[in-house]
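Everything below concerns the one structure shown next.
The values are calculated or read from the model by the stated rules, or taken from the named source; none is laboratory data. None of the values given here were measured: they were computed from a predicted structure. Quick reminder, even Gly has a Cβ in these numbers, built from the backbone with ideal geometry, and neighbours come from all protein chains shown.
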Amino acid sequence: MSRVLLLSNGHGEDLSGSLLARLLLERGVTVAALPLVGHGRAYRQAGVPVLGSTREFSTGGLGYTSLAGRLTELIQGQVLYMLGKAWQLWRHRRRFDLVVAVGDVVPLVGAWLTGLPAAVYLVAYSSHYEGRLRLPWPAGPLLRRRRCLRVWSRDALTASDLSEQLRRPVTFLGNPFLDPVAIEPKAHQAAPAQAQEAEGVPSLGLLPGSRLPEAAANLELMLDVLARLPAPLQGPGALRLRAALVGDLSAERVGQLAASHHWQLETRAERAGGTATVLRRGELVLELVWDGFAGILAGSDLLLSMAGTAAEQAVGLGRPVLQLAGRGPQFTEGFAEAQRRLLGPGVICAEGEPGSEAVLTATAALVADLLAELGDPERGPLWRRQLARNGQERIGRPGGSARMAAAIMELLPPVEPATHG
């Protein structure tokens with residue numbers, strides 16, 4: 001039986017890796033994962049064994065983006081932790097036939113350390129950033145090695161660019177992380193425009209991110225933006241508000257941080273039965289959702305975002321994204337600017353100092369302007385078509401998980417059918 005080890009280094013990377021792992025398991029492959037950042041929850045939820053112990057750090061693996069982040073990682077022991085991961089790789093290497101690296105140069109180096117054949121999904125890099133991708137050392141030499149059997153990019157432009165640079169085929173098969181939100185239950189398949197007609201109100205989704213404590217701080221900034229919305233959007237039933245929250249950001253914690261911003265935590269009865277947890281500030285009601293992220297993406301006209309992968313998924317669905325830069329460690333002003341270059345038109349951000357009164361007010365005004373544009377009978381449909389084309393160009397079509405899993409199967413010895421008798 002073939003054995004595959006998945007290496008990944010981030011929340012979105014773990015998600016893509018877990019989707020590949022599920023499909024490989026269905027095909028009879030033995031799969032294990034080694035998440036290099038965080039606990040690898042996506043793998044555990046998919047029933048994929050995780051090698052060794054795991055740990056999360058306050059930088060979320062993004063300490064390299066600043067001097068303070070690097071010092072924080074040193075103090076918290078992340079360098080020693082990564083050395084321990086390298087030792088785990090070396091110790092377990094003989095258990096596997098193939099390594100699949102998902103992310104950037106870090107899992108690529110990890111795959112090289114094993115000495116095993118490898119396939120690489122470079123989801124962290126794109127030629128859309130600069131027009132020509134400058135890979136960090138030693139990514140280029142490692143990707144040219146014979147043991148690197150396949151290289152997959154995150155978009156078609158990058159595939160063309162790297163094929164020329166590396167003088168080897170680099171292929172774009174789509175992005176697995178799009179699949180969980182592209183294949184929706186029937187209750188969420190209606191487009192935002194249809195949902196707007198049915199309910200009579202536009203919908204704004206909030207994406208504060210997945211890493212704590214940053215996600216909590218991001219949510220506070222978003223609450224301040226909502227409090228500054230123009231009066232017409234603050235009227236009863238004028239705007240549906242929903243926030244997609246990670247499980248670690250509990251209702252109790254949300255209620256505590258919201259109270260200082262004059263929001264009150266409430267539980268209300270739903271028309272279809274059951275209850276919902278909401279934050280209320282005057283006539284504004286923000287629904288808090290812990291297990292309905294895909295539905296929020298599919299059912300929102302506009303996303304207010306301080307997230308990485310979630311924003312990419314929104315763009316892949318053809319949804320406009322309004323950024324709100326924060327203090328990091330992930331969603332800083334620099335990260336937001338790079339994300340706009342990566343994801344193209346339809347990703348908008350107010351200019352100014354992150355977290356300032358001026359930016360919060362300008363962002364609230366942009367919410368109103370963008371919703372008005374989407375609701376215009378002539379400009380709205382045209383913009384939606386442009387957003388859909390942009391999503392195809394920057395993220396690709398759904399089904400990337402199946403295409404990549406099939407490509408991995410081609411690199412493995414044939415799975416022998418079970419014999420009976």
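Could you run through the stretch 225-241 and say how many residues are surrounded by fewer than 19 Cβ atoms within 10 Å (Cβ to Cβ) and either under 18 Å from the mean Cα position of the chain (by Cα) or under 20 Å from I296 (Cβ atoms) (or both)?
Of all residues in the stretch 225-241, those surrounded by fewer than 19 Cβ atoms within 10 Å (Cβ to Cβ) come to 227-228, 230-232, 234-238.
Right, trim to either under 18 Å from the mean Cα position of the chain (by Cα) or under 20 Å from I296 (Cβ atoms) (or both) and you get 237-238.
The qualifying residues number 2.
Being more than 10 Å from L162 (Cα to Cα) and either of a type in the set (V, I, T) or surrounded by 12 or more Cβ atoms within 10 Å (Cβ to Cβ) (or both) is the filter here; which residues of the stretch 122-135 pass it?
Scanning the stretch 122-135 gives L122, V123, A124, Y125, H128, Y129.
Given the criterion at pLDDT 95 or above, within 19 Å of E214 (Cα to Cα) and outside the structural domain of T158 (by TED's automatic domain parsing), identify the matching residue among V367, V359. Reasoning before the result, please.
Details: V367 fails: within 19 Å of E214 (Cα to Cα).
Only one candidate passes the filter, namely V359.
Go through the stretch 172-200 residue by residue and tally those that are aromatic (F, W, Y) and at pLDDT below 60. Even if it seems obvious, please write down each step before you answer.
Step one: list which residues in the stretch 172-200 are aromatic (F, W, Y), which gives 172, 177.
Filter once more, so that each one left must be at pLDDT below 60: none.
Result for the stretch 172-200: 0.
Quick check on the stretch 215-224: of everything there that is out of contact with any strand residue (DSSP E or B) (no Cβ under 9 Å at 6 or more places or on another chain) and under 11 Å from W263 (Cβ atoms), which residue is surrounded by the most Cβ atoms within 10 Å (Cβ to Cβ)?
Ranking the candidates gives D224 first.
Scanning the stretch 364-390 for residues that are in contact with a Phe, Trp or Tyr (Cβ under 9 Å, 6 or more places away or on another chain) and without any contact (Cβ under 8 Å) to a residue 12 or more places away in the chain, which turns out nearest to G352 (Cα to Cα)?
E373
Quick check on the stretch 90-105. Is at least one of its residues free of Cβ contacts under 8 Å to residues at least 24 places away in the same chain, among the basic types (K, R), more than 20 Å from A32 (Cβ to Cβ) and assigned by TED's automatic domain parsing to the domain that holds V31?
no
Check E373, E333 and return the single one that is in contact with a helix residue (DSSP H, G or I) (Cβ under 9 Å, 6 or more places away or on another chain), acidic (D, E) and either surrounded by 15 or more Cβ atoms within 10 Å (Cβ to Cβ) or within 25 Å of A238 (Cα to Cα) (or both).
Answer to the check: E373.
Would you call D155 touching a Ser or Thr at 6+ places or on another chain (Cβ under 9 Å) and more than 18 Å from S16 (Cβ to Cβ)?
No: the conditions fail for D155.
Checking G391 against (1) in contact with a helix residue (DSSP H, G or I) (Cβ under 8 Å, 6 or more places away or on another chain); (2) within 27 Å of L223 (Cα to Cα), which single condition isn't satisfied?
(2)
Find the residue count for the stretch 1-46, including only residues that are of a type in the set (S, T, N, Q) and surrounded by 24 or more Cβ atoms within 10 Å (Cβ to Cβ). First the steps, then the outcome.
Here is the first cut: in the stretch 1-46, the ones of a type in the set (S, T, N, Q) are 2, 8-9, 16, 18, 30, 45.
With the extra rule that they be surrounded by 24 or more Cβ atoms within 10 Å (Cβ to Cβ), the set shrinks to 8-9, 16, 18.
Of the residues in the stretch 1-46, 4 are of a type in the set (S, T, N, Q) and surrounded by 24 or more Cβ atoms within 10 Å (Cβ to Cβ).
If only one of R327, R340 is of a type in the set (K, R) and more than 17 Å from the chain's Cα centre (by Cα), which one is it? Outline the logic, then answer.
Values: R340 fails: more than 17 Å from the chain's Cα centre (by Cα).
When all the criteria are applied, what remains is R327.
Does A364 qualify as being aliphatic (A, V, I, L, M) and closer than 25 Å to P202 by Cβ?
Criteria met by A364.
Please pick out the residue among T267, T309 that is among the β-branched types (V, I, T), exposed (fewer than 14 other Cβ atoms within 10 Å of the Cβ) and either more than 18 Å from A217 (Cβ to Cβ) or within 15 Å of the chain's Cα centre (by Cα) (or both).
Exactly one residue qualifies, and that residue is T267.
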